[in-house]
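Here the structure is laid out as structure tokens; the discussion comes afterwards.
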Amino acid sequence: MIEQLTQIFFSLLILSGIAALLAFLIEVAHAYIADYGECQLSINNEKELTVKGGSPLLFTLMEEEIYIPSACGGKGSCSLCKLKVVEGGGPVLPTETPYLCQEEIENNVRLSCQIKVKNDLKIEIPEELFLIREFNVKVDRIEELTHEINGLHLTVQNSEEGLNFKPGQYAQLKIPKYTKTKQSEYRAYSIASAPKNKFDIRLLITKVPSGAVSTYVHDYLKKGQDLKMTGAFGDFYLRDSDRDILMIATGSGLAPFLSMLHHIKDHGITRNTVLFFGDKATEDLLCMEEISSFETTLPNFTFKPILSRVKDKDKWKGEKGRVTDLIEKHVVRNSSIDVYICGAPVMVKSCMDLLAKKGIPEECIMFDKFE
């Protein structure tokens, strides 16, 4: 028996050694054999750059201070980093096809995080992305809002104008390399503060067990620490129209709506506004005092929270169920409203399906999915 265990132990030891050697050889191959040298990058037939080959296009552009939207930090799961590759991109990869429709493929639209710069490339990107800037920010305060959501208050350091953003847009927060990462990482978070406060930026960050950035914010980040932030991004923002406003959120999806409500207050907007907010239990409710203040200062604002896992001890007197139940109960068929939805993809889809059944036109529904 002991002899068999000894053989198993040495076999595992040998396999571990082989795996370590293979990993080392892969790193060596990447560093020396897969050296693509310098490549030429042509942007919009106007800007010519000489860049070092070998990195994903998304990060190569970032090194040149050209910031393409990416909510997932280049992991290939958010599909926001799309741009047009006119020449040199090679065939569409299997990691891209789930996020590209046939029309996009035919028009050479690609995910920039999945294309490695191996040769000269000719690309096209929207002109407005050249206006995106990276900011140095200092952590002014970390606020524990619930057991899993922190409010991160940041002060912009290196800009005379601060961060200009529309209510509802997001910023990309960059954290340094630490024990759980191999390099610096960044993720996208909706801005929860008032657009008029261009130097004081607030983000609501939910701790994800496997999330490198959220774990860093919750467990490692300290007051007074310096970070990098890029923005603002996104076409999810408050539109100017004559229609009423319906906001639908779950969890930290509340963030963009806090920004919108501050904007509505600061600009004296009188449109009827309703916020549906769904969560599990009373301890998951966040920013309730802030929302209560809007109920006092905004005469045309109504707040409707709903909880799905109410406990007897909670003594909850409000609505019970899911946020979709509020749509079924309170949204009038063929209403003249602009709807904004922010939360998990499954929730967003469920809400959109219900709203379609209620006769709300697709062009009147805006959404932001948290991946």
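Details
- Cα-based radius of gyration for segment 216-371, normalised by 2.2 N^0.38 Å, reads 1.10.
- Relative to the current alpha-carbon distance between E363 and E128, full extension at 0.36 nm per residue lengthens the span by 82.3 nm.
- Under 19 Å from a label point set 7 Å out along the Cα-to-Cβ vector of Y220, the amide N atoms of segment 51-76 belong to 72-75.
- Histogram of C-alpha separations across segment 162-256, 10 Å bin width, %: 15, 44, 30, 9, 2, 0
- Per-residue ellipticity at 222 nm, computed for the chain from helices alone with -39500 (n - 2.57) per DSSP H run of at least four residues, works out to -7500 deg cm²/dmol.
- Segment 43-57-segment 255-316 distance, computed between alpha-carbon centres (Å): 45 Å
- Listed as lacking a disulfide-compatible partner in the chain: C39, C81, C101, C113, C287, C342, C351, C364, by the criterion of no other cysteine Cβ under 4.7 Å.
- Most fluctuating residue given options L80, L204, L93, as computed from a GNM of the chain linking Cα atoms under 10 Å: L93
- Loop-located chymotrypsin sites (Phe, Trp or Tyr not before Pro) in segment 122-194 (DSSP state other than H, G, I, E, B) with a sparse environment of at most 15 neighbouring Cβ atoms within 10 Å: Y178.
- Candidates F257, F303, F277, ranked by Gaussian network fluctuation over the chain, Cα under 10 Å, top entry: F303
- Coordinate range along principal axes, alpha carbons of the chain, Å, largest first: 69, 68, 45
- Point-to-point label distance, R239-T155, nm (Cα→Cβ direction, 7 Å offset): 3.9 nm
- Alpha carbon convex hull of segment 38-129, volume per residue in cubic angstrom: 90 Å³
- Cross-link pairs beyond the 30 Å C-alpha cut-off, checked among K177/K280; K84/K280; K138/K166: K177/K280; K84/K280
Since every read-out is calculated from the coordinates, none of them should be taken as a lab result. Fair warning: this is a prediction, and the values are worked out from it, not measured in the lab. Reconstructed Cβ throughout: ideal geometry from the backbone, glycine too, with neighbour counts over all protein chains shown.
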